Ligand code: ACO
């Protein structure tokens with residue numbers, strides 16, 4: 001049976017880098033507080049970059065890495081909660097900029113699980129024989145939706161985009177997938193959109209920003225992620241020891257350490273990017289994958305377990321052979 005294989009990766013971070021010490025100059029925080037609780041040292045923040053411009057750059061790099069042209073792409077799926085427009089979808093902007101005229105393009109909103117949901121949707125299309133080659137992305141400009149007066153959230157997030165080209169392959173690729181949602185806990189990580197505004201009512205809505213109950217998110221992550229990974233690894237016919245690398249959503253070093261403990265797997269198998277780019281929601285997993293790929297960690301057959309988790313609440317894991 002055809003497997004969905006990642007054949008190229010790319011990423012793009014904004015030029016401007018903001019360290020914890022830089023933040024300490026403009027708000028009541030410290031490198032000590034942020035580093036010790038999260039592992040984050042710095043993040044990139046968008047000035048002239050947009051969610052679409054970073055997506056396009058990441059996509060070009062992924063196509064180049066895959067040795068493919070934009071015309072060969074049948075499908076573009078982009079995970080984001082911070083697109084530049086309500087419509088058109090960011091995926092359509094990417095399609096236009098690349099000249100991917102044979103692709104169908106749309107966005108998915110699954111917060112920090114967005115790239116993983118995109119991967120699974122592409123996989124379902126490829127398995128069904130509807131499309132052969134897909135460009136999947138996770139891209140965010142979170143800095144425009146976080147409250148820069150709320151030190152408990154704004155220090156956690158960054159901006160960036162990651163992309164991967166996937167294609168049906170006889171030998172290597174996706175072995176198993178797990179995904180889930182729990183809408184009853186949506187309020188622990190939320191950002192209100194526009195409220196009703198029409199001639200029937202008076203509205204004076206203030207701009208709404210990301211609101212998070214950090215401890216509830218933490219509890220959710222450290223229970224759901226190991227369970228989802230276990231289930232996916234087992235479905236792939238493997239054990240946690242068989243996995244070469246765990247590529248997890250980069251929310252917080254403590255969450256990653258807890259997952260490593262619960263699975264009884266050394267932290268060395270959990271590559272990190274949050275130290276230099278913070279939490280970039282849907283973009284975290286594909287940026288990490290690109291860093292692993294370009295860092296030479298991934299060879300044909302290397303076994304990777306990936307997991308995204310966050311707002312919705314949503315979560316998704318995959319096991320694949322590179
Ligand atoms: N700098 C200095 N002090 C701060 C800061 C800051 N940036 N932010 C909060 N504080 C203070 C608080 O005001 C509080 O002070 P008080 O005790 O005087 O009231 C104190 O630090 C402790 O605050 P808590 O919110 O209890 O801190 P906690 O130890 O829970 O750590 C954190 C917060 C790091 C967010 C933690 O809850 C966590 O790791 N949560 C996981 C959630 C997460 O990573 N979310 C990311 C987005 S979701 C996702 O991607 C899945």
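Listed values, structure above:
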read-out: Any hit, the range 123-136, residues being closer than 25 Å to residue 276 by Cα, surrounded by 19 or more Cβ atoms within 10 Å (Cβ to Cβ) and either within 16 Å of the ligand (Cβ to nearest atom) or in the same structural domain as residue 273 (by TED's automatic domain parsing) (or both); value: no
read-out: Candidates 118, 105, 161, 97 - the one that is away from the ligand (no atom under 14 Å from the Cβ), outside any helix (DSSP H, G or I) and under 25 Å from residue 45 (Cα atoms); value: 161
read-out: In the range 258-287, residue nearest to the ligand (Cβ to nearest atom) [restricted to those that are without any contact (Cβ under 8 Å) to a residue 60 or more places away in the chain and part of a loop (DSSP other than H, G, I, E, B)]; value: 273
read-out: Residue within the range 98-115 that is surrounded by 21 or more Cβ atoms within 10 Å (Cβ to Cβ) and out of contact with any helix residue (DSSP H, G or I) (no Cβ under 7 Å at 6 or more places or on another chain) present; value: yes
read-out: Tally of residues being loosely packed, with under 14 Cβ neighbours inside 10 Å and either more than 6 Å from the ligand (Cβ to nearest atom) or within 20 Å of the chain's Cα centre (by Cα) (or both) across the range 205-219; value: 4
read-out: The listed residue being within 16 Å of the ligand (Cβ to nearest atom) and surrounded by fewer than 23 Cβ atoms within 10 Å (Cβ to Cβ), out of 194, 151; value: 151
read-out: Options 233, 255; residue that is under 21 Å from residue 319 (Cβ atoms) and either assigned to a loop (DSSP other than H, G, I, E, B) or within 15 Å of the ligand (Cβ to nearest atom) (or both); value: 255
read-out: Residue match in the range 243-255 (condition: without any contact (Cβ under 8 Å) to a residue 40 or more places away in the chain and under 26 Å from residue 154 (Cα atoms)); value: yes
read-out: Qualifying residue in the range 58-70 (condition: part of a loop (DSSP other than H, G, I, E, B), touching a strand residue (DSSP E or B) at 6+ places or on another chain (Cβ under 9 Å) and over 21 Å from residue 284 (Cα atoms)); value: yes
read-out: Subset of the range 1-53 (residues that are part of a loop (DSSP other than H, G, I, E, B) and either buried (at least 22 other Cβ atoms within 10 Å of the Cβ) or within 16 Å of the ligand (Cβ to nearest atom) (or both)); value: 13, 14, 27, 28, 29, 30, 39, 40, 41, 46
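The values are calculated or read from the model by the stated rules, or taken from the named source; none is laboratory data. Since the model is a prediction, treat every value here as computed from it, not as a measurement. All Cβ positions, even for glycine, are placed from backbone atoms using ideal geometry, and neighbour counts span all protein chains on display.
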